[in-house]
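To start, the structure under review is shown below, and the notes come after it.
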Amino acid sequence: MAYINLEKDVPGIRSLALFRPDTGKELYKLAQVLLRDDSPLSQGERELIATFVSSKNECTFCTQSHAAAAGYLFHNDTQMIDLVLTDYQNAPISEKLKCLLSIAGKVQQDARLVGDEDVANARKHGANDRDIHDTVLIAATFCMFNRYVDGLATMTPADPVLYGQMGARMGEFGYIAPSPTI
């Protein structure tokens, strides 16, 4: 049960966006810019970074919903996504993405852990300034989103079908703030 009075049966951050449409609209805009707008990283790679950080933060709602979006964008390659979450260094992803996930993981723990060696290694494997910037900003933003969702004990569905529907919606339409019902 949520710690504040949220709309019944509306999960995760959607319920918080309905509670505070003024801030919810801005958070959804931020998610859209980070995960869907122009970037040298693919939409799937950016969703994977969001999923990875959410998993490290043990935020079930964000992990499952963004894993579903990544799955949609990676043409249902759920095995790859599962491997990234369990052992990204041995997952079938590029060395560049492995380096970026390493940076994202350090941001999740304590951003000051990211060092020259991490950035140099990412650059060695093809990352540019924008890749590194976007990775750090996605990781930092999802730490905030995860804490927002879990800090207010929003509803976390158990049904994987619901996450599949959320993932398809996010994969197809991006991030559109929910509208309050009248």
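A short reminder: the numbers here are calculations on the coordinates, not readings from a lab. This is a predicted model, so every value here is computed, not measured. We place every Cβ from the backbone using ideal geometry, glycine too, and count neighbours over all the protein chains shown.
A few notes on this one:
- Here the simple spin-label model places points 7 Å from the Cα toward Cβ, and for residue 3 and residue 33 these points are separated by 2.7 nm.
- The fraction of all Cα pairs in the chain landing in successive 10 Å bins from 0 to the largest distance is 10, 39, 36, 13, 2, 0, given as whole percents.
- Under 15 Å from the Cα of residue 98 - aspartates and glutamates, other chains or at least 8 residues apart: 45, 47, 82, 87, 117, 118, 131, 134
- Nitroxide proxy distance, nm - points 7 Å out along Cα→Cβ at residue 94 and residue 169: 3.1 nm
- Label point 7 Å beyond Cα of residue 147 along Cβ direction - residues of the stretch 11-36 with amide nitrogen under 17 Å: 13, 27
- Separation of the stretch 93-172 and the stretch 1-75, taken as the distance between their Cα centroids, equals 11 angstrom.
- Counting every other Cβ atom within 10 Å of each residue's Cβ, 170, 144 order from fewest to most as 144, 170.
- Taking other C-beta atoms within 10 Å as the exposure proxy, 65, 102 rank 102, 65 from fewest upward.
- Each helix, a run of at least 4 DSSP H residues, gives -39500 (n - 2.57); summed and divided by the residues of the chain, these come to -21500 deg cm²/dmol at 222 nm.
- With the simple spin-label model, which puts each label point 7 Å out from Cα in the Cβ direction, the residue 76 to residue 120 separation comes to 4.5 nm.
- Across the chain: Cys residues that no other cysteine approaches within a C-beta distance under 4.7 Å: 99, 143
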